[in-house]
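Below: one structure, written as structure tokens.
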Amino acid sequence: MGGGAAALPVAPAVYARGNTTLKPLVIGLTGTYCAGKNHVAKLLEARNIPALDVDKLGHQAIEMEKAAILARFGKDILGNDGAIDRKRLGNKVFGDPEALSELENLVHPGANRLTEQWIARQTGRACAVNAALLHKSRAFSSLDFIIVVKAPLLTRLLRAKKRDSLSWAQLFKRFRSQRDFGTQYLRKNADMYTIYNGGALGLRLFGQPLEHQIDRILALRGIAIE
């Protein structure tokens, strides 16, 4: 990848309709906390572009490394069903960079391996890798371009409050932890497109429905919408 966030090149189609011999385009999908990247993933799937939820792969990787994680973080992270409670585990590492790094060293290799295996199985014209920590994925070098989902701060706060039932202090702490979100991709010289998912407020602010923004990017990259 290359070109930076400002470039919006019109790329030739890498995967032509009806030709199953070419490599699919691999789209990276990420976004700030509660911006709505999972909703965008569903819209891509509605356009016959399969989207991998790397966060769910992370759940598998956590169970794969269950013994090592329990040895490091203690059995109090187990839920009533005997599985690791991700919320309890998250509370152990949030705000502790050293503990977070140790957890990532345990979980990321398995998640990376599962991600690469999924990409290798794809045969369509394009596929998408949906990940909150996309810049840390080993699959990053395989991405043809990245879609970054953003939304107005107030919209994200209200979504987060409704979805996660956290205190306002906890929410603002999570928002602050993402203050360098965009620069992580700029430093990697990633070929990025930004879309705005703000509902009715976003439509008034940015003037284009979410679906139209997605279709425009796909057209720019030569991906036929089926």
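The values are calculated or read from the model by the stated rules, or taken from the named source; none is laboratory data. Model, not experiment: these values are computed from the prediction. Cβ placement follows ideal geometry from the backbone for every residue including glycine, while neighbour counts extend to all protein chains displayed.
Just checking, how many residues over region 141-168 are at pLDDT 90 or above and among the hydrophobic types (A, V, I, L, M, F, W, C)? Break it down stepwise before answering.
Initially, region 141-168 is screened for residues at pLDDT 90 or above, giving 143-149.
Keeping just the survivors that are among the hydrophobic types (A, V, I, L, M, F, W, C) gives 143, 145-149.
Total meeting the criteria: 6.
Results for (1) charged (D, E, K, R); (2) under 23 Å from Asp164 (Cα atoms); (3) touching a helix residue (DSSP H, G or I) at 6+ places or on another chain (Cβ under 9 Å); (4) modelled with pLDDT under 90, shown as yes or no for each residue.
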{"site": "Lys75", "(1), (2), (3), (4)": "yes, no, no, no"}
{"site": "Gly95", "(1), (2), (3), (4)": "no, yes, yes, yes"}
{"site": "Ala99", "(1), (2), (3), (4)": "no, yes, yes, no"}
{"site": "Pro109", "(1), (2), (3), (4)": "no, no, yes, no"}
{"site": "Leu114", "(1), (2), (3), (4)": "no, no, yes, no"}
{"site": "Asn130", "(1), (2), (3), (4)": "no, yes, yes, no"}
{"site": "His135", "(1), (2), (3), (4)": "no, no, yes, yes"}
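If you take the residues of region 27-43 that are surrounded by 21 or more Cβ atoms within 10 Å (Cβ to Cβ) and of a type in the set (A, V, I, L, M), which of them is farthest from Thr115 (Cα to Cα)?
As a first pass, look at region 27-43 and keep what is surrounded by 21 or more Cβ atoms within 10 Å (Cβ to Cβ): 27-31, 34-37, 40-41.
Filter again for of a type in the set (A, V, I, L, M), leaving 27, 29, 35, 40-41.
Numbers: Ile27: 13, Leu29: 13, Ala35: 23, Val40: 19, Ala41: 16 Å.
Ranking the qualifying residues of region 27-43, first place goes to Ala35.
Determine if region 59-74 includes at least one residue that is among the aliphatic types (A, V, I, L, M), closer than 21 Å to Glu116 by Cα and in contact (Cβ under 8 Å) with a residue 60 or more places away in the chain. Please lay out each step first, then the result.
Looking only at region 59-74, we keep the residues that are among the aliphatic types (A, V, I, L, M), and these are 61-62, 64, 67-71.
Right, trim to closer than 21 Å to Glu116 by Cα and you get 61-62, 64.
With in contact (Cβ under 8 Å) with a residue 60 or more places away in the chain added as a condition, the list becomes none.
The answer is no; no qualifying residue exists.
Given the criteria touching a strand residue (DSSP E or B) at 6+ places or on another chain (Cβ under 9 Å) and farther than 29 Å from Leu25 by Cα, does Pro152 qualify?
Details: touching a strand residue (DSSP E or B) at 6+ places or on another chain (Cβ under 9 Å): yes; farther than 29 Å from Leu25 by Cα: yes.
Answer is yes for this residue.
Among the residues of region 56-71 satisfying the criterion of being under 20 Å from Lys37 (Cβ atoms) and of a type in the set (Gly, Ala, Ser), which is modelled with the highest pLDDT? Before the answer, list the steps.
So in region 56-71, the residues under 20 Å from Lys37 (Cβ atoms) come out as 56-61.
Now narrow it down to the ones that are of a type in the set (Gly, Ala, Ser): 58, 61.
Values: Gly58: 85, Ala61: 90.
Ranking the candidates gives Ala61 first.
Among the numbered criteria (1) of a type in the set (Val, Ile, Thr); (2) surrounded by fewer than 16 Cβ atoms within 10 Å (Cβ to Cβ); (3) part of a helix (DSSP H, G or I), which one does Thr123 miss?
With respect to (1) of a type in the set (Val, Ile, Thr); (2) surrounded by fewer than 16 Cβ atoms within 10 Å (Cβ to Cβ); (3) part of a helix (DSSP H, G or I), Thr123 is out only on (3).
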